[in-house]
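**Student:** One structure is given below, represented as structure tokens, and several questions about it will come after.
The values are calculated or read from the model by the stated rules, or taken from the named source; none is laboratory data. Source: prediction; values computed, not measured. Virtual Cβ from ideal backbone geometry, glycine too; neighbours counted across all protein chains shown.
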Ligand SMILES: [Zn+2]
């Protein structure tokens, strides 16, 4: 939630006055929120104790509260408990990945045309756009609504069109140790690294191929859900 400029808390404004070169994490946290309106609590970042979290249900970010400038709301108890359950308690690894290598792995994924669904209208051929058709019964004729377009004069159809953009092929993944990840989340890591000028990320926890992996970059923690591995998937790179 954005701070209301009319009600700015002066103390806070002084504490959080952006110093030259000071990077706030609000933009980073926002990368992990959800746009799914059915899970409303995921649309905005939220507070648990001294940290700000954001999640889309597949990945989660945790940053110190002192590193953000906007005000966020504390989350309800049941969600706080489920997040506490998924955060790995043991950090059994310290596996460093260079951001340059991660970026190179991502850019090696083939790019494909992006399509999107559009609905377009076209004139009803049955009534030729009149909306009415002539009916004849034993020599009597009358006009009724066209049974094809229901009198709307037009019909619509769904089809896909090229957006003109190229996107990474979604069947290509990157393996890190035992787990397989979508490009989408690893690209977020690269974006964060660029933002805070970090050249590496550390894998701290990864219990099973299908359990969440915990990464850290400076004072930022990122939890990512891997995908189920199948033989049909292409792996762009394996960080072993
Ligand atoms: Zn018609």
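**Student:** Out of the residues in segment 161-180 that are in a strand (DSSP E or B) and either modelled with pLDDT under 95 or more than 30 Å from residue 92 (Cβ to Cβ) (or both), state the one that is farthest from the ligand (Cβ to nearest atom).
**Tutor:** The qualifying residue farthest from the ligand (Cβ to nearest atom) is 168.
**Student:** Report whether or not residue 54 is in contact with a strand residue (DSSP E or B) (Cβ under 8 Å, 6 or more places away or on another chain), surrounded by 10 or more Cβ atoms within 10 Å (Cβ to Cβ) and assigned by TED's automatic domain parsing to the domain that holds residue 177.
**Tutor:** no
**Student:** Something else about it: Taking the conditions exactly as written (touching a strand residue (DSSP E or B) at 6+ places or on another chain (Cβ under 8 Å), surrounded by fewer than 15 Cβ atoms within 10 Å (Cβ to Cβ), free of Cβ contacts under 8 Å to residues at least 40 places away in the same chain and within 30 Å of residue 165 (Cα to Cα)), does residue 143 satisfy them or not?
**Tutor:** Taking the combined requirement at face value, the residue does not satisfy it.
**Student:** When you check residue 93 against the structure, is it over 16 Å from residue 183 (Cα atoms) and more than 16 Å from the ligand (Cβ to nearest atom), yes or no?
**Tutor:** yes
**Student:** Could you list, in sequence order, the residues of segment 120-140 that are closer than 30 Å to residue 167 by Cβ and modelled with pLDDT under 90?
**Tutor:** 120, the sole residue that qualifies.
Yes/no matrix, rows are residues, columns are (1) assigned to a strand (DSSP E or B); (2) at negative phi; (3) within 25 Å of the chain's Cα centre (by Cα):
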site: 135; (1), (2), (3): yes, yes, no
site: 148; (1), (2), (3): no, yes, no
site: 159; (1), (2), (3): yes, yes, yes
site: 210; (1), (2), (3): no, yes, yes
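**Student:** What is the one condition in (1) modelled with pLDDT of 95 or more; (2) not in a loop (DSSP other than H, G, I, E, B) that residue 12 does not satisfy?
**Tutor:** (1)
**Student:** For the subset of segment 29-51 comprising residues that are out of contact with any strand residue (DSSP E or B) (no Cβ under 8 Å at 6 or more places or on another chain) and part of a helix (DSSP H, G or I), which member is surrounded by the fewest Cβ atoms within 10 Å (Cβ to Cβ)?
**Tutor:** Only one residue fits best here, namely 40.
**Student:** So, one more: State all residues of segment 88-125 that are over 24 Å from the mean Cα position of the chain (by Cα) and in a loop (DSSP other than H, G, I, E, B); if no residue qualifies, say none.
**Tutor:** Across segment 88-125, the qualifying residues are 89, 90, 91, 92, 93, 94, 124, 125.
**Student:** Now for a different question. Do the conditions hold for residue 125, that is, is it at negative phi, surrounded by 10 or more Cβ atoms within 10 Å (Cβ to Cβ), within 16 Å of the ligand (Cβ to nearest atom) and not assigned by TED's automatic domain parsing to the domain that holds residue 209?
**Tutor:** For residue 125, the condition - at negative phi, surrounded by 10 or more Cβ atoms within 10 Å (Cβ to Cβ), within 16 Å of the ligand (Cβ to nearest atom) and not assigned by TED's automatic domain parsing to the domain that holds residue 209 - is met.
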